[in-house]
1. Tell me the residue from 261, 234, 297, 226 that is under 26 Å from residue 331 (Cβ atoms) and modelled with pLDDT of 95 or more, please.
2. I need every pair where a residue in segment 618-630 that is of a type in the set (A, V, I, L, M, F, W, C) has its Cβ under 8 Å from the Cβ of a residue that is part of a loop (DSSP other than H, G, I, E, B), sequence separation at least 6 or different chains.
3. Any chance you could count how many residues in segment 162-177 are within 21 Å of residue 148 (Cβ to Cβ) and surrounded by fewer than 18 Cβ atoms within 10 Å (Cβ to Cβ)?
4. Restricting to segment 440-449, count the residues that are in a helix (DSSP H, G or I) and free of Cβ contacts under 8 Å to residues at least 40 places away in the same chain.
5. Applying the selection to segment 400-415, what residues are surrounded by fewer than 19 Cβ atoms within 10 Å (Cβ to Cβ) and without any contact (Cβ under 8 Å) to a residue 40 or more places away in the chain?
6. For residues that are closer than 20 Å to residue 198 by Cβ and either in contact with a strand residue (DSSP E or B) (Cβ under 6 Å, 6 or more places away or on another chain) or assigned to a loop (DSSP other than H, G, I, E, B) (or both), tally how many sit in segment 121-177.
7. Give the number of residues within segment 334-367 that are acidic (Asp, Glu) and without any contact (Cβ under 8 Å) to a residue 24 or more places away in the chain.
8. Is one or more of the residues making up segment 588-602 touching a residue at least 60 places away in the same chain (Cβ under 8 Å), open to solvent by less than 10 Å² (accessible area, probe 1.4 Å), touching a strand residue (DSSP E or B) at 6+ places or on another chain (Cβ under 9 Å) and of a type in the set (A, V, I, L, M)?
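The values are calculated or read from the model by the stated rules, or taken from the named source; none is laboratory data. The structure displayed is predicted, hence computed values, not measured ones. Don't worry about glycine lacking a Cβ; one is built from the backbone with ideal geometry, like all the others, and counts go over all protein chains shown. The accessibility values were calculated without ligands, DNA or RNA, using every heavy atom of the protein model including side chains. Shrake-Rupley method; radii C 1.70, N 1.55, O 1.52, S 1.80 Å.
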Amino acid sequence: MAMPNGWAAAAPAAKLTPGAEALVQARNAAAALDKERFAAAAARAVAPPGLEPYLAYWRLQLALADDESDSARVNEQVSAFLKPRPTALVADLLRRDWLLRLGKHGEWPAFEAEFPAWILRDDPRVFCLAGKARVLRGAAAGDDALGALNQVRDLDENCEALLVTLLNAGVYGPGELRQRLRLAIEQNSATTIGIVAGLLGYEPPEIYAATMKPERALAQDPDATLTVIALGRLARSKPDVAAQQLEAASPRLSAGERDFLWSQVAAAAMRRLDPGAREWTLRALNADAGDETWEALTRAALRDQDWPLLIATTDRMSAANRREPAWVYWRARALRAMGLTGQSEVQFRSIAEEFDFYGQLAAEELGELTRLPARSSPATPSELAVPAANPGLARALRFYELGLRSDGNKEWNYQLRGMSDRQLLAAATWACQQSVLDRCVNTAIRTRHEHDFSLRFVAPFRAQLASAAAERDLDPAWVYGLIRQESRFIMDASSGAGAKGLMQIMPATGRWIARKLGVAKFHPDQLNELPLNLRFGTFYLSKVLADLDGSPVLASAGYNAGPNRARKWRATLPGRVEGAIFAEIIPFNETRNYVKKVLSNTAYYAAQFSGQPQSLRKWLGNIEPAVDAPSELP
């Protein structure tokens, strides 16, 4: 079926009243722990209906962060705030901050009394404190706490305290510390390496040398532990040099240490698309390493289409990681290439009903193109009345009007907990009716059995986009797929790097486009305007596509990471590869995920617009290696 024009996207936020502007200033001052600025702004702030508790929350947040504030008085104030609204998001945010203070001050009975009421369960620092509390009273730290201890890349004071407590209690010893040290090397965290090496008895100067000056440290013939640190760090920037140094250092290392270091050399080489990655991967197959390392080594096998090696590397992943669609798909491809078609089909079928990049590719391997699932019946008026009456969703809208999108998203997502498919579809529909298209999409994608892809893949401003795309000979489905990933149709979206508008154009790129198009008196704020953003974005996208030989995969990568990076990555290919292989071996996590999502989106939009099943593999095409020549595009 042909897609209708779709829902309207919200216009950029209107100018705030002085009272609302003061509320935003108070919120930002609290986030910066600036008490004086907060007090001045709070005195002038006027909270929209429903947001009044947040002003009190921010005030208490500052009190909790102040080590000199009276604990008994603060605890009493927090309890009084929580009592009338125990399950509200604002209460749970305050509860998290309170737990952090209670743990920092060693108020363990109060901490353990409040911890079970914490709903969000989203902060590893709190889990580390909970583990410390349990160990101090003679109990096991618990899987959540130990998981948090390994999850945190740079150990903060809370998770460092858990580590020390485990050591003092005799739960951890040198073996566990060395295991955590290896994980820190894999995570490339100088902070955590320093903490763990210090607990192993090494002095700060020698830790600093091994971590920050690894070649100089290796020249001093350090012991095995410092050698592992130095070589692990050196591999990140110079895998070839680290490989040479590892050969020389092998006599003073155990077999396990050598295997681990080869895995780090191979992983670092693959992140740099170094052609030696596969050879070093072959030397690392017995390594005791984590999933992040084995994913990199699997990509090394994939780039060279060494299917037996790919099976070997994925075998070393954790069982949970091996079930990720990416590795299910590529293991199935490897099994098929090795003649094990029955096993490969079982693997393909296990993910073929998923609505994502690898689900689509798996379905295509089984002869099924990308098509839209049956559309669930639209939300009824009575179903739509439920989100319309939800105070939390109303608070989210108020935050959006203030320009506080992250705060609004927290409120919105908090309300979705436990919703059925019908309730999610109603909330998504209501979001679209309110022109909050990003929440419409992000709510609709949560359904498990009932689906409405007109909500998952909204298509606002069809006439304007079709015109802009046609002018540059671009397929509208691809442009929509890119916008859905770039901005989720937030008209005035702004990234941390400064990219603006629907198609997330950087100001410098906007100026370049303005010169090329002869647009006088251009200002970056104009990138938030729909006509100009579409005109500039499609112009630049068409230039990137032409610059990268008409490949949507390369052009999507170039749009996200810059055309020169896409050219550089292509130049490292050992030969012709499928677009899916190129997408998976992109060394930047963000760009790799971006390209896969943009092309997946594109196939679904094309299916909607044409009413016909689509081949994702056709969109992906093949990528040929080419000499790396600088692009003239920004």
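1. On inspection, the qualifying residue turns out to be 297.
2. As it stands, the answer is 623/551; 623/573; 623/576; 626/549, since those pairs meet every condition given.
3. Of the residues in that region, 9 qualify.
4. So the answer is 2.
5. Result: 406, 409, 413.
6. So the answer is 10.
7. Within segment 334-367, residues that are acidic (Asp, Glu) and without any contact (Cβ under 8 Å) to a residue 24 or more places away in the chain number 2.
8. Scanning segment 588-602 turns up no residue that is touching a residue at least 60 places away in the same chain (Cβ under 8 Å), open to solvent by less than 10 Å² (accessible area, probe 1.4 Å), touching a strand residue (DSSP E or B) at 6+ places or on another chain (Cβ under 9 Å) and of a type in the set (A, V, I, L, M).
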